[in-house]
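What follows is calculated from the coordinates using simple rules that are stated; it is not laboratory data. All values reported here derive from a predicted model rather than from experimental measurement. Heads up, the Cβs are rebuilt from the backbone with ideal geometry, glycines too, and the neighbour counts pull from every protein chain shown.
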Amino acid sequence: MAIAEILLQDFDVEMKGTRTTLERIPERNPEFKCHDKSMAMGRLAVHVSTLPRFGIAILTTDAMDLATAKFPSMVFESREKLLADFDALAAEARTHLAAASDEHLRQNWKMIWGNKPLVDAPRSLLYRTMFFNHLIHHRAQLGVYLRLNDQPVPPLYGPSADDSMGF
Amino acid sequence: MPIKDLLLPEFDQELRNTRTMLERIPDTLDKHDFKPHEKSMSLAKLAAHTAQLPAMLTIILTTPEFDYAKSGVKPLVMQSRAQLLAAFDKLSAEAHALLEATTDRSMHETWKLSRNEKLFYDGSRYNAIRTMFFNHIIHHRAQLGVYLRLNDIPVPNTYGPSADES
């Protein structure tokens with residue numbers, strides 16, 4: 001089985017869970033933070049919705065230089081925009097993954113800061129750690145933010161306190 | 001590339017980061033009942049669940065199916081951080097050894113998860129490993145990070161810098 005085919009197996013289910021989480025972000029208080037040091041909810045939601053860009057970069061480039069890379073601002077505008085951006089970027093990441101050969105995925109991808117190497121590892125690994133797992137990580141934080149705003153928390157790997165999933 | 005070779009480097013990185021998170025769990029009993037919300041799991045319960053999750057990988061790798069109602073698996077109960085870390089290390093080492101020995105053929109076999117008559121999962125063993133072990137442990141580890149933050153404990157960096165560590 002091709003590496004891309006293996007990596008695609010949990011793509012749709014995780015993106016669906018992510019979309020459900022983003023659909024529940026309340027628009028009324030994007031500045032909400034659970035702690036002074038935490039990211040604001042709107043910003044965290046935008047970060048989650050645009051993380052597929054990282055997957056796309058890993059799949060379509062050879063390296064990223066953080067000293068010169070330009071990142072779009074993480075400003076929350078509306079839930080509608082959040083979802084539209086997420087849908088488009090997740091679909092694009094999926095297309096690039098599905099088209100990636102084993103050879104391409106085995107090659108190393110690099111992240112540097114000017115002359116300083118930060119990351120140098122196979123695309124297959126970085127696709128997971130820098131995009132997919134990274135997204136699951138921040139989505140889980142968003143779930144706590146939903147909880148603290150008394151929004152229903154979607155069940156992901158088992159029941160949540162709001163949805164028993166029939167358990 | 002054998003599927004296990006795709007998973008093992010990720011296993012090592014993610015479990016190392018999970019251990020770092022568990023090492024920060026406060027050992028003082030008064031913090032164990034901390035919840036960010038009345039509907040949330042307590043800190044001790046969430047930490048114990050996270051520490052025990054490598055057992056899920058062992059179950060997926062060593063069984064054709066798993067029925068929660070008949071399993072007899074007891075949830076780990078947190079007594080101390082040292083006890084949690086010891087359990088996590090032991091379960092991780094077991095799961096790692098099993099993963100190293102898993103063939104692609106076994107990865108593609110069907111695995112099922114149910115509770116009595118209700119079926120929750122029916123798919124490849126590989127995909128079960130992904131969703132029920134890897135993605136699941138990353139999910140709860142991230143929640144633990146928020147619990148640490150809310151208790152003013154430095155949050156380790158995981159996929160990038162945290163507000164406490166660059």
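Please find, in a Gaussian network model of chain B (springs between Cα atoms separated by less than 10 Å), the residue of B:T18, B:T28, B:T62 whose mean-square fluctuation is greatest. Maximum among the listed residues: B:T28. Counting neighbouring beta carbons within 10 Å and listing from fewest to most, the residues A:L135, B:L61, B:L119 come out as B:L119, B:L61, A:L135. Rg/Rh, computed from the Cα trace of the protein assembly as shown with Rh as the Kirkwood radius, has the value 0.94. Residue exposure proxy: A:D12, B:D89, ordered by other Cβ atoms within 10 angstrom of their Cβ from fewest to most, comes out as A:D12, B:D89. Span-like helix criteria (full DSSP H runs; alpha carbon extent of at least 15 Å along the helix axis; mean Kyte-Doolittle hydropathy of at least -1.0) are satisfied in chain B by B:3-23, B:81-100, B:136-150. Given A:K116/B:K31; A:K37/B:K4; B:K45/B:K118; B:K45/B:K112; A:K16/B:K39, which pairs have Cα atoms separated by over 29 Å? Too far apart for the 29 Å limit: A:K116/B:K31; A:K37/B:K4.
Judged by the ratio a/c of the largest to the smallest principal axis of the C-alpha gyration tensor, chain A counts as oblate, that ratio being 1.5 or greater while a/b is no larger than b/c. For the residues of B:31-40, the average number of beta carbons from a partner chain within 10 Å of their own beta carbon is 3. Between B:T20 and A:K37, the FRET efficiency estimated from the beta carbon spacing at R0 = 22 angstrom works out to 0.80. Most simply put, the range A:28-167 has about 70% antiparallel DSSP beta bridges, counting only bridges with both residues inside it.
A cut-off of 5 Å between modelled amide H atoms, ignoring neighbours fewer than 5 places along the same chain, links B:S114 with B:F66, B:D67, B:Y68, B:F120.
Counting other beta carbons within 10 Å of each Cβ, put B:M41, A:M130 in order, fewest first. It would help to have the intermediate numbers written out before the result.
Working: B:M41 18, A:M130 23.
Ranking B:M41, A:M130 by Cβ neighbours within 10 Å, fewest first, gives B:M41, A:M130.
Note on the range B:3-150: Cα-Cα pairs beyond 21 Å make up 45% of the total pair count.
Using a simple charge model, +1 on the beta-carbon of Lys and Arg, -1 on the beta-carbon of Asp and Glu, nothing else, what dipole does the range B:3-150 show about its Cα centre, in debye to the nearest 20?
400
Centre-to-centre separation between the Cα atoms of the range B:43-89 and those of the range B:108-166: 13 Å.
If you plug the beta carbon distance of B:D30 and B:L98 into 1/(1 + (r/R0)^6) with R0 = 51 Å, you get a FRET efficiency near 0.85. Each Lys and Arg adds +1 at its Cβ and each Asp and Glu adds -1 at its Cβ; summed about the Cα centre, chain A shows a dipole of about 420 debye. Computed from Cα positions, the angle between helix A:41-50 and the longest principal axis of chain A comes to roughly 40 degrees.
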